[in-house]
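So the structure is just underneath, and the comments pick up after that.
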Amino acid sequence: MRSGVRKCYCNPNYEGDGETCTREVVPKDCYELYVSGTRSDGFDTIYPDGWPSGIQVYCEMERNGGGWTVFQRRSSASVDFYRGWSNYKNGFGNKNQDPWLGNKYIHSMTNQKTYKLRIDLRDYGSSSYYAVYSTFSINNEANKYRLSVGSHSGNTGYHRLSASNNKQFSTKDRDNDGSSAFDCAERHRGAWWFYDNYLCTRDYSASYCRSNCPSYKYYCMAFPYGDSNCAQCAYTHLNGDYDGSTRGTNMFWESYNLNGYGCSLKYTDMKIKPV
């Protein structure tokens, strides 16, 4: 009952006689919901190009200007992110806590408009950081969800995702990285836009690597590669183990600005909004 009148009403953002209701707006993303008047954080259904039945997403409406569609979040060890291609394609996780939306949906969304990407991080010292990329999209499955990102801003100190620009997505069962020596997704225990980045003995002497790899100050980014060598496949990896590991299998964003050089992050999320 509204205004003393007993009748059926449609829910907010719907119109009709209360018995038959249709959406006033068929939103392609959280920003369209924001523009239509939805201003609270939470789950809603959006209808990206190619998905007429809609998909449920978490919308960040109360911070950073609102209208952000979240496609990744890490806040605890409750969800295992060491998964295969099919899981990353279709999505997985606890929608109320730690989800990966799914590459097929991220592809559809980021190719229907021009989007920017915001990444929020919190290190083990509980300091917060962010990185914004002026454009963000991924290609289709045939092109192995190849990454495209634009220019960087923020307070992370380094535009670490930029190094993964134009790289294909890799999982433990689909090795699409640039390394012929090892499977980066397997060694880093996650899935990402990996490439062949660093091998100690390629850049330094064998004696240096033998002395420094096991106790290397920044070894948290690298994984052991033999008894006297170490390697890493990216400057950032946000889908690694949530376990405090410092052997290259952890979540990291390599930067002097972050506590512990950006190792063992305690929180991350990745979200998009139209430019």
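The values are calculated or read from the model by the stated rules, or taken from the named source; none is laboratory data. The structure displayed is predicted, hence computed values, not measured ones. Here the Cβ positions follow ideal geometry from the backbone for every residue, glycine too, while neighbour counts run over all protein chains shown. Keep in mind that these areas ignore ligands, DNA and RNA; they rest on the heavy atoms of the full protein, side chains included. Shrake-Rupley method; radii C 1.70, N 1.55, O 1.52, S 1.80 Å.
Checked against the criteria, TYR130 does not count as more than 13 Å from the chain's Cα centre (by Cα), outside any helix (DSSP H, G or I) and hydroxyl-bearing (Ser, Thr, Tyr).
Conditions (1) of a type outside the set (Phe, Trp, Tyr); (2) more than 13 Å from the chain's Cα centre (by Cα), marked per residue:
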position: PHE81; (1), (2): no, no
position: ASN87; (1), (2): yes, yes
position: ASP98; (1), (2): yes, no
position: LEU101; (1), (2): yes, no
position: ILE106; (1), (2): yes, no
position: THR114; (1), (2): yes, yes
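Out of all the residues in region 109-126, which are within 16 Å of VAL275 (Cα to Cα) and not in a strand (DSSP E or B)? MET109, THR110, ASN111, GLN112, LYS113, THR114, listed by residue number.
Among ALA234, ALA206, ALA185, ALA222, which is free of Cβ contacts under 8 Å to residues at least 24 places away in the same chain, hydrophobic (A, V, I, L, M, F, W, C) and within 30 Å of LYS89 (Cβ to Cβ)?
Unique residue meeting the criteria: ALA185.
How many residues are surrounded by fewer than 14 Cβ atoms within 10 Å (Cβ to Cβ) and either in a strand (DSSP E or B) or modelled with pLDDT of 95 or more (or both) when one looks only at region 156-182? Number satisfying all stated conditions: 1.
For region 117-135, a residue qualifies if it is of a type outside the set (Ser, Thr, Tyr) and touching a Ser or Thr at 6+ places or on another chain (Cβ under 6 Å), and the qualifying residues are LEU121, ARG122, ALA131, VAL132.
Entry remark, region 26-73: residues being aliphatic (A, V, I, L, M) and in contact with a Leu (Cβ under 8 Å, 6 or more places away or on another chain) number 5 in total.
Taking region 73-92, which residues are open to solvent by less than 50 Å² (accessible area, probe 1.4 Å) and either without any contact (Cβ under 8 Å) to a residue 60 or more places away in the chain or out of contact with any Pro (no Cβ under 7 Å at 6 or more places or on another chain) (or both)?
Within region 73-92, ARG74, SER75, SER76, VAL79, PHE81, TYR82, GLY84, TRP85, TYR88, GLY91, PHE92 qualify.
Among the conditions (1) open to solvent by less than 50 Å² (accessible area, probe 1.4 Å); (2) farther than 29 Å from THR69 by Cα; (3) touching a Phe, Trp or Tyr at 6+ places or on another chain (Cβ under 8 Å), LYS271 misses just one, which is (2).
Go through the residues of region 253-260 one by one and say whether even a single one is out of contact with any helix residue (DSSP H, G or I) (no Cβ under 9 Å at 6 or more places or on another chain) and without any contact (Cβ under 8 Å) to a residue 24 or more places away in the chain. No, region 253-260 contains no residue that is out of contact with any helix residue (DSSP H, G or I) (no Cβ under 9 Å at 6 or more places or on another chain) and without any contact (Cβ under 8 Å) to a residue 24 or more places away in the chain. Taking the criterion of being assigned to a loop (DSSP other than H, G, I, E, B) and either farther than 21 Å from SER134 by Cβ or out of contact with any helix residue (DSSP H, G or I) (no Cβ under 7 Å at 6 or more places or on another chain) (or both), the residues of region 145-155 that qualify are ARG146, GLY150, SER151, ASN155.
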